[in-house]
1. Does Asp477 satisfy the criteria of being modelled with pLDDT under 95, touching a Lys or Arg at 6+ places or on another chain (Cβ under 8 Å), surrounded by 18 or more Cβ atoms within 10 Å (Cβ to Cβ) and not assigned by TED's automatic domain parsing to the domain that holds Glu225?
2. So Met265 passes all but one of these: (1) over 30 Å from Ser99 (Cβ atoms); (2) surrounded by 18 or more Cβ atoms within 10 Å (Cβ to Cβ). Which condition number does it fail?
3. For segment 72-106, give me each residue that is crowded, with 18+ Cβ neighbours inside 10 Å, part of a loop (DSSP other than H, G, I, E, B) and in contact (Cβ under 8 Å) with a residue 60 or more places away in the chain.
4. Which of the residues that make up segment 442-457 are surrounded by 14 or more Cβ atoms within 10 Å (Cβ to Cβ) and in a loop (DSSP other than H, G, I, E, B)?
5. Would you check if there is a residue in segment 98-105 being of a type in the set (Ser, Thr, Tyr), in the same structural domain as Leu137 (by TED's automatic domain parsing) and touching a Pro at 6+ places or on another chain (Cβ under 8 Å)?
6. Output the number of the condition that Ile240 fails; it satisfies all remaining conditions of (1) within 29 Å of Leu64 (Cβ to Cβ); (2) modelled with pLDDT of 95 or more; (3) part of a loop (DSSP other than H, G, I, E, B).
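The values are calculated or read from the model by the stated rules, or taken from the named source; none is laboratory data. Worth saying up front: this structure is predicted, and the values here are computed from it rather than measured. Neighbour counts are summed over all protein chains in view; Cβ atoms, including those assigned to glycine, are modelled from backbone coordinates with ideal geometry.
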Amino acid sequence: MKKGKRSEALDVKRKNRRKWIKTWIQLFLVIMVIFLIYQAVARTDRYAEPDKSTWHNRSGFVALSYFGVSRTGTPLLIDKSQLKAQLQTLHDQGYVTVSQQDILDFYHKGKALPDKALFLSFEDGRNDSSLYAQPLLERYNDKATFLTYANKMGNGDHKFVQPKELRSMMKSGYWEMGTNGYRLTYINIFDKNGGYIGVKDENKLDSKEDIEHYNHYLMDFIRDENMIPLEDRDTMQARISKDYQLMDTVYTDKLGFVPGVYMIMHANAMYGSMNPLVTDVNDRNIRSLFQMHFNLEGNAFNGPSQDVYNLTRIQPEPYWSTNHLLMKIGKDSGQQMTYVTGDRKQSGQWKQAGGAAEFKDNRIVLTSPPAGEGKLLLDQGEQAPEDFTLSAKVSGNVVGKQSFYLKDRGDGQQYVRVTLNRNVIQVEQKLSGSSVTVLGTQKLDPVKWSSEDLAFDKATVYSAEEAQAGANTNDEDVYPVNIKNTRQIEMKVSGNRLEVIVDGKPVLQTSIDPSLKGGDVGLGSAYSPQNTKDDIYDGIFEDVTVTTENAADGKTSVWYTNKLLGWKKVAAQVEHAMDATIDWAIDTF
């Protein structure tokens, strides 16, 4: 009897303990949600105007426009911590954000800008962009333009910032308003089989993966399945002009004014591939309604001769590292960049032979120079092992080259290279005085990805033949350029034998030339020509390890590793668990 009572008491204690733990977890989650909401609404700081008397730049400015921001990042939205790293680096390197009026005064009155002038903006009007960008604007005293779609104003869709919040944002001084247009709607849509879909709003598309050809609402005549216009000139002009009239009406009603900045969807079509009649009606409406227009995308720099209605910006991709962004700005502007190194103790163990590298925890991000190769060689000293195993996780984009160098003498004349590019492993060899030869190639198991991850940015003008032909290729291994994947790669060198193991499976075995002796191991990164919009690439290498085996006793010793060990590993696991918990709380409440 006493034993039964003791058991019941223990059961009660366990239940109370579970209730106590559950209560504290719920309290923690509630506090986190309240904190995030407070960050979003309790904006007490105010923007401090810069001293413009110190500005002397009449050469131009850099323009960056982020599509969207999320807590931990997606293939379409930048991670808030990555946005912080990029804005902090730009701030540390002397970039000063400028207002819409500063740009207008630069072009219309010849007024100077800061030496490193930055026009910063966030497109699409998303709530999470406002939530996560606001604290960063406050921290660095940055000013940014927030762009919305007019048909989202007051429609109750809380994925997008509504007029009341927009007015609060402007009062802080950190934000100005802009617009991407009235709606995000696609026209003249054809699927991969050449089937005609017609006109669809962005949120009504069943699967972006099945779409092969399309255009934006203001970019063309609406056409039938044979690409014959369904509108005459007057009807087309009336339809397009109506969107601008609706923008005027909605913004005047909801905000009291029409935003000064317009970024048409999609970029690079006006004054180029767009039908001249369609260009003309857009151009007239834009010049009558807005003060400036960022029509172009792909180049960061605007010089003094740029048309204020044909300005250009870059939209940093979520997969861009900080050095990737700096590399791109430097390429476009000619401005000198200081690249981010990260952990200096780790970086001191490597020799930079091309591009830029950032070392953080167990990760090395190796950024290539434009149209070139990023390269690192491990400084192994005079006693580099002849036989060894090199292993690492590679987790950059599928479309791009991530390489390992073996027995590299550092002069580019002699090495073995193992490259992962577009889900294919290839082993190459180069001997002094000869060209690169391929020793083996193996296609890997297909990479799984979701159509929701697709960067939907192929809007263009196309012929009836192109539309009805459907997809340009039936190759299932042609991957979108923004899809990431992680592979565990292991390379075993024994004498003149090389074995390559991927995700635990042997995929290639080959002989290497016996004359290849000594040399270093290294890492490489380079872009793939499939990515026609970006010739800079980030190779991502995690848990890089070089081990050797003692011939006498067979024991393995670690020659080099950047793996997290001990408390560092525990801390990283705890941080990951916290991130997962907070993400769950945000999605749930």
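1. Working: modelled with pLDDT under 95: yes; touching a Lys or Arg at 6+ places or on another chain (Cβ under 8 Å): yes; surrounded by 18 or more Cβ atoms within 10 Å (Cβ to Cβ): no; not assigned by TED's automatic domain parsing to the domain that holds Glu225: yes.
No, not satisfied.
2. The one condition Met265 does not meet is (1).
3. The answer is Pro75, Leu77, Ser99.
4. Leu444, Val447, Trp449, Leu454, Ala455, Phe456, Asp457 - these are the residues of segment 442-457 that are surrounded by 14 or more Cβ atoms within 10 Å (Cβ to Cβ) and in a loop (DSSP other than H, G, I, E, B).
5. Initial filter on segment 98-105 (of a type in the set (Ser, Thr, Tyr)): 99.
Filter again for in the same structural domain as Leu137 (by TED's automatic domain parsing), leaving 99.
Imposing the further condition that a residue be touching a Pro at 6+ places or on another chain (Cβ under 8 Å) reduces the set to none.
No, segment 98-105 has no match at all.
6. Every condition holds for Ile240 apart from (3).
Rundown of residues vs (1) in a strand (DSSP E or B); (2) touching a Ser or Thr at 6+ places or on another chain (Cβ under 9 Å); (3) in the same structural domain as Val546 (by TED's automatic domain parsing), yes/no style:
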position: Val365; (1), (2), (3): yes, yes, yes
position: Ala371; (1), (2), (3): no, no, yes
position: Pro385; (1), (2), (3): no, yes, yes
position: Thr389; (1), (2), (3): yes, yes, yes
position: Leu406; (1), (2), (3): yes, no, yes
position: Leu420; (1), (2), (3): yes, yes, yes
position: Ser435; (1), (2), (3): no, no, yes
position: Gly440; (1), (2), (3): yes, yes, yes
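Yes or no, residue by residue, for (1) in contact with a Phe, Trp or Tyr (Cβ under 7 Å, 6 or more places away or on another chain); (2) β-branched (Val, Ile, Thr); (3) touching a residue at least 40 places away in the same chain (Cβ under 8 Å); (4) under 30 Å from Ser432 (Cβ atoms):
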position: Gly504; (1), (2), (3), (4): no, no, no, no
position: Thr510; (1), (2), (3), (4): no, yes, yes, yes
position: Pro514; (1), (2), (3), (4): no, no, no, yes
position: Lys533; (1), (2), (3), (4): no, no, yes, no
position: Val546; (1), (2), (3), (4): yes, yes, yes, yes
